[in-house]
Each structure stands twice: as structure tokens, then as C-alpha cells.
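> The structure is given below, and queries will be raised subsequently.
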Amino acid sequence: MYKKFLIPIDGSDRSQMAVEDGIKMAGKVGGQVTIYHVVPDYNVFVNYDHTGIAYKSFINELERQGREILENTQNRYSEYGVMTETKLAKGNPVQEICNEAKEGCYDIIVMGSRGLGDVFGFFLGSVSGKVVRHADCSVLIIK
Ligand SMILES: Nc1ncnc2c1ncn2[C@@H]1O[C@H](COP(=O)(O)OP(=O)(O)OP(=O)(O)O)[C@@H](O)[C@H]1O
Ligand SMILES: [Mg+2]
């Protein structure tokens, strides 16, 4: 049975649905949840600014927002009584999610089909599409 749940969120409504469904499922099986956010590493931007200051403050702001999203989400579901921790990473979202799932020996990843970039209406976004293909564990996509 699935006991260890990894729930990656980007702050979108769809990822909030994934948190709600994932936490409810974990509650039913006495499982534990990690709500996970990856601050994308936009290395390519560094070259646009010789000082690197604008880039750093941009990344710091993304990190601040990421921590806020994690904290708000954890608080929102605190009354569900499920053991829930939050974790923030920096880098490529697909790589970080797949690495975390492997290193942390998670049983299942629960994530949204689309996220913040949902403008074209395709079924899967780039992150969910690649995680489904590359993760070693099962992946549940919330539509
Ligand atoms: N930076 C991230 N950190 C953690 N989880 C993420 C991140 N980005 C996306 N996700 C997870 O992946 C799901 C699908 O998002 P995805 O980014 O694939 O779609 P999209 O934003 O609509 O499309 P795209 O990013 O390709 O424009 C989200 O609901 C969320 O669960
Ligand atoms: Mg996205």
C-alpha cells in the first residue's frame, strides 16, 4: 500500500487539488505527506546582468514566494490530522522531483496535470509529462 506521498506544488489551483486529494488518501492509509516546491534555476538569466544582483533578487523573491506557498498549504490542511512536512528545493523541477522521490523512497507522487503555465489546454504540462515518464515510482495525475 502507498504510505509515503510526495506532492509537488507550484502554487496553481490544480496543484492545490493534488494536495487535497493526496492528503485525504494518505489519511485513509495512515500515510505521511511531503509537500514539495522547486524554485526553478534560471541559470540562463545570469548573463543578462553582469553584476548578477538582479538575478539574485529575482531568485530570492521566488524562494520567498515558494516558502510562503508551502507554509500556507501546510496550514490549510493541518486539521486533516495527517503527518505533513514541507520541503523546498532549487533547480530543474523535473529532476528535483524525480530525485527526491528516489532518494526519499516515496511510494507515490501526486501532482496536477497542469500548473501555472496552463494556457494552451493540453492535457499534461511539461513538468507533469516528464515526471510521469522519468519517475521510478507510481505517479497519480490529478485532472
Ligand atoms: N516548480 C515546481 N515545483 C513543484 N511542483 C511543480 C512545479 N512545477 C510544476 N509542478 C507540479 O506539476 C504539475 C503540472 O505543472 P506543469 O508545470 O507540468 O504544467 P503547466 O505549468 O500548465 O505547463 P508548463 O510549465 O509546461 O507551461 C503542477 O500541478 C504541480 O503539481
Ligand atoms: Mg509549469
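> What do you reckon, is Tyr55 modelled with pLDDT of 95 or more, aromatic (Phe, Trp, Tyr) and over 21 Å from Asp13 (Cα atoms)?
Answer is no for this residue.
> For the stretch 87-112, give me each residue that is buried (at least 19 other Cβ atoms within 10 Å of the Cβ), in contact with a Ser or Thr (Cβ under 9 Å, 6 or more places away or on another chain) and farther than 26 Å from Asn60 by Cα.
Tyr106, Ile108, Ile109
> For Lys90, all conditions in the list (1) within 12 Å of ligand 1 (Cβ to nearest atom); (2) of a type outside the set (Asp, Glu); (3) touching an Asp or Glu at 6+ places or on another chain (Cβ under 7 Å); (4) not in a strand (DSSP E or B) hold save one; what is the number of the exception?
Result: Lys90 passes all but (4).
Yes/no per residue for (1) out of contact with any Gly (no Cβ under 9 Å at 6 or more places or on another chain); (2) touching a residue at least 40 places away in the same chain (Cβ under 8 Å):
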position: Gln95; (1), (2): yes, no
position: Ile108; (1), (2): no, yes
position: Gly112; (1), (2): no, yes
position: Gly125; (1), (2): no, no
position: Ser128; (1), (2): no, no
position: His134; (1), (2): yes, yes
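> Say we look at the stretch 113-143 and pick out the residues that are open to solvent by 60 Å² or more (accessible area, probe 1.4 Å) and in contact with a helix residue (DSSP H, G or I) (Cβ under 6 Å, 6 or more places away or on another chain); which of these is farthest from ligand 2 (Cβ to nearest atom)?
If we take residues in the stretch 113-143 being open to solvent by 60 Å² or more (accessible area, probe 1.4 Å) and in contact with a helix residue (DSSP H, G or I) (Cβ under 6 Å, 6 or more places away or on another chain), then Asp136 is farthest from ligand 2 (Cβ to nearest atom).
> Quick check: is even one residue across the stretch 101-123 in contact with a Cys (Cβ under 9 Å, 6 or more places away or on another chain), β-branched (Val, Ile, Thr) and not in a helix (DSSP H, G or I)? Before you say what the answer is, go through the steps one by one.
Going residue by residue through the stretch 101-123, those that are in contact with a Cys (Cβ under 9 Å, 6 or more places away or on another chain) are 101-102, 105-109.
Still in the running and β-branched (Val, Ile, Thr): 108-109.
Among the residues that remain, those that are also not in a helix (DSSP H, G or I) are: 108-109.
Scanning the stretch 101-123, I find at least one residue that is in contact with a Cys (Cβ under 9 Å, 6 or more places away or on another chain), β-branched (Val, Ile, Thr) and not in a helix (DSSP H, G or I), so the answer is yes.
> Tell me yes or no: at least one residue of the stretch 64-84 is under 26 Å from Arg133 (Cβ atoms), within 15 Å of ligand 1 (Cβ to nearest atom), without any contact (Cβ under 8 Å) to a residue 60 or more places away in the chain and part of a helix (DSSP H, G or I).
Yes, some residue in the stretch 64-84 is under 26 Å from Arg133 (Cβ atoms), within 15 Å of ligand 1 (Cβ to nearest atom), without any contact (Cβ under 8 Å) to a residue 60 or more places away in the chain and part of a helix (DSSP H, G or I).
> Check the stretch 107-118 and report whether any residue there is farther than 15 Å from Gln32 by Cβ, at pLDDT 95 or above, among the polar types (S, T, N, Q) and within 10 Å of ligand 1 (Cβ to nearest atom).
yes
> Follow-up. With respect to Tyr42, determine if the residue is surrounded by 14 or more Cβ atoms within 10 Å (Cβ to Cβ) and on the phi < 0 side of the Ramachandran plot. It would help to see each step written out before you state the result.
On the way: surrounded by 14 or more Cβ atoms within 10 Å (Cβ to Cβ): no; on the phi < 0 side of the Ramachandran plot: yes.
So Tyr42 fails the test.
> Mind listing just one residue for me: the one in the stretch 1-16 that is more than 8 Å from ligand 1 (Cβ to nearest atom) and surrounded by fewer than 23 Cβ atoms within 10 Å (Cβ to Cβ) and, of those, farthest from the chain's Cα centre (by Cα)?
Applying the filter and picking the extreme gives Met1.
> Looking only at the stretch 28-39, how many residues end up being away from ligand 2 (no atom under 16 Å from the Cβ) and crowded, with 16+ Cβ neighbours inside 10 Å? Full working, then the answer.
Step one: filter the stretch 28-39 for residues away from ligand 2 (no atom under 16 Å from the Cβ), giving 28-35.
Filter again for crowded, with 16+ Cβ neighbours inside 10 Å, leaving 31, 33-35.
Of the residues in the stretch 28-39, 4 are away from ligand 2 (no atom under 16 Å from the Cβ) and crowded, with 16+ Cβ neighbours inside 10 Å.
The values are calculated or read from the model by the stated rules, or taken from the named source; none is laboratory data. Values in this document were obtained by computation on a predicted structure and should not be read as measured data. Please note: Cβ atoms are built from the backbone with ideal geometry, for glycine as well, and neighbour counts cover all protein chains shown. In case anyone asks, the SASA skips ligands and DNA or RNA and just uses the protein heavy atoms, side chains included. Shrake-Rupley method; radii C 1.70, N 1.55, O 1.52, S 1.80 Å.
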